[in-house]
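The values are calculated or read from the model by the stated rules, or taken from the named source; none is laboratory data. The model shown is predicted, which means the values in this text are computed figures rather than measured ones. Counting neighbours? That spans all protein chains shown, and the Cβs are built from the backbone with ideal geometry, glycine included. SASA here: full protein model, heavy atoms, side chains in, ligands and nucleic acids out. Shrake-Rupley method; radii C 1.70, N 1.55, O 1.52, S 1.80 Å.
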Amino acid sequence: KELKNVHILILNVSLEYEKSEVSSNFVYKNAEEREALVAAERKFTDDKVKQIIEFKKEICGESDATFMVINQKGIDPISLDMFAREGILGLRRAKRRNMERLALACGGFQVNSVDDLTPDMLGHADHVYEQVLGEDKFTFVEGVENPYSCTILVKGQNAHTIAQIKDSIRDGLRAVKNVIEEGAMVAGAGAFEIAAYDHLMKVKEGVSGRAKLGVQAYAEALLIIPKTLAENSGFDLQETLITLQEAYAKDPSNPVGLDVVTGKPIFPEQMGIWDNVKVKHSVCNMSTILASQLLLVDEMMKAGRGSRPKEGPGMEM
C-alpha cells in the first residue's frame, strides 16, 4: 500500500454496525420485514461512507491527488471495500495519542461527524506507505508541511539496545531544548571546569582566613570532570591535568578541553563540543547545597556528642 500527494481525513466516527447501548429488541413478522430491517441498518453506515466518497471526489477531482481515511473507531469490511473501489485507503482503530500527533504533524483536525466536511479539515502528506517490520505492520506518513509532531522509529537487536537508544535520543532532545530555552552554551570536554579552577585559584589570593581553604576545596572538586574523562580514556590523571592547565594558562581567552582519543588539549569550540548552561548551573548549585548539608550534619553530630552527660561512678549503664 503506497500513496503519493495524499489528503488525510482524521475521523472519530463509527463506520460499522454497533449494538445499541441500551437493551432493545426488533420484532418482525416475516422474512421480508427482517430483510428491510437489515437493509435499513446497513444504509445508516453506507450513507456515511458515501458522504466521504463524495467529499473525496470533490477534493481530488481529476488530479493525481489521493485520499486516505484514518479512523479512531471501527470500519467494517463492507465499508473498507467501498473505500477501496474508490481508491481510498482506510485505517481503523488508530490509537488516540497517534490521532492527536497526526493532526499536529499533517495539519487539519479530528472530525466527529461526516455531515459538514470542508477542505480545511484535511491534513496533507507527500508520501504514505505501509511496511512490515518483524511481525507488525507500520504506516509511515512522510513529507508533511510545518509539523508540530513527529515519530522516531528505533530499531535494535534486543530490548536492552532499544532502551539505550531511546535514552540517548531523549538526552539529546533535552540538550537541544535547554539550548533553545537558555540561548547560550559553554565549552565542553572539561574546558569549563579547567577555566573555573583557574579563576577560583586567583580569587583565593584575595580571600583571608579559613574561607581560603573552602575556595581551594571547591576549585579542586571541579576538576573531577576532566579527571574522570582522562581516567575513562586510559590516560595518566596527573600528567593530563597538568597539560590542560598549562595549555589554558598560555591563552586564557580560549577554553581548553581534553581530547579523549589522543589525550592532548583541544579547543572544544572549534570541535563543536558544548555543554548546557542549565546543566552546569544545576551541578554547581546542587553540589554546594549537598556539601553544606553534609557539613551541617557533622556539626550537629559533634554538638550532640558534647551534650551527653559524662559517665561517672554509681551511674547505671
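Worth pointing out:
- Look at the dipole of the stretch 169-223 built from charges on Cβ: of 169, 188, 207, the Cα furthest out on the positive end belongs to 207.
- Solvent-accessible area, 1.4 Å probe, carbon plus sulfur percent, for the chain: 55
- Shown are 28, 248, 148, 218, whose ranking by accessible area with a 1.4 Å probe and every protein chain present, most to least, is 148, 28, 218, 248.
- Judged by the gyration tensor of its Cα atoms, with axes a ≥ b ≥ c, the chain is prolate; a/c meets the 1.5 cut and a/b is the larger of a/b and b/c.
- Backbone geometry of the stretch 146-151 corresponds, through the Karplus equation with coefficients 6.51, -1.76 and 1.60 at θ = phi - 60°, to 3J(HN,Hα) couplings of 6, x, 10, 7, 7, 10 Hz, x marking Gly and Pro.
- Full-stretch length increase - residue 118, residue 62 - with 0.36 nm per residue and alpha-carbon distance subtracted: 18.3 nm
- For the chain, built as a Gaussian network whose Cα springs stay under 10 Å, the top-fluctuating residue of 25, 178, 146: 25
- Looking at the chain, the accessible area is 69 square angstrom per residue; that uses a 1.4 Å probe and ignores ligands, DNA and RNA.
- Of all stretches in the chain that contain no trypsin sites (Lys or Arg not before Pro) in a DSSP loop with at most 14 other Cβ atoms within 10 Å, the longest one is 211-309.
- Residue of 263, 190, 206 that the Gaussian network model of the chain assigns the largest fluctuation, springs spanning Cα pairs under 10 Å: 206
- The stretch 155-201 and the stretch 220-239: distance between their alpha carbon centers, rounded to Å: 18
- Other residues within the sphere of radius under 15 Å centred on the Cβ of residue 131, judged by their own Cβ, net out at -2 (K and R +1, D and E -1).
- The charge dipole of the chain, taken about the Cα centre with unit charges on the Cβ atoms of Lys, Arg (+1) and Asp, Glu (-1), comes to about 1040 debye, rounded to the nearest 20.
- Dipole magnitude for the stretch 1-152: computed about the Cα centre from +1 point charges on Lys and Arg Cβ and -1 point charges on Asp and Glu Cβ, it is near 440 debye.
- Using a probe of 1.4 Å, the accessible surface attributed to residue 127 totals some 40 Å² when neighbouring protein chains are kept in position.
- Cross-link pairs 48/73; 43/73; 1/166; 212/278; 57/95; 137/177 - those with Cα-Cα distance over 24 Å: 1/166; 212/278; 57/95; 137/177
- Square roots of 5 times each gyration tensor eigenvalue, C-alpha, the stretch 17-124, largest first, Å: 31, 18, 11
- The Cβ shell under 15 Å around residue 67 holds other residues with a net charge of -1, Lys and Arg each +1, Asp and Glu each -1.
- Gain on full stretching of the segment that runs from residue 271 to residue 126 - 0.36 nm per residue minus C-alpha separation: 48.5 nm
- For the chain, calculated [θ]222 nm from helices alone, where every DSSP H run of n ≥ 4 adds -39500 (n - 2.57): -16500 deg cm²/dmol
- At full extension, residue 109 and residue 78 could sit 8.6 nm farther apart than now, given 0.36 nm per residue minus the alpha carbon distance.
- The region of the chain that goes longest without hitting one of the GluC sites (Glu not before Pro) in a DSSP loop, each with at most 16 other Cβ atoms within 10 Å, is 206-310.
- The stretch 1-129: relative contact order as a whole-number percent, Cα under 8 Å and 6+ apart: 45
- Ranking 248, 117, 294 by how far each Cα lies toward the positive end of the dipole of the chain (charges on Cβ) leaves 294 at the top.
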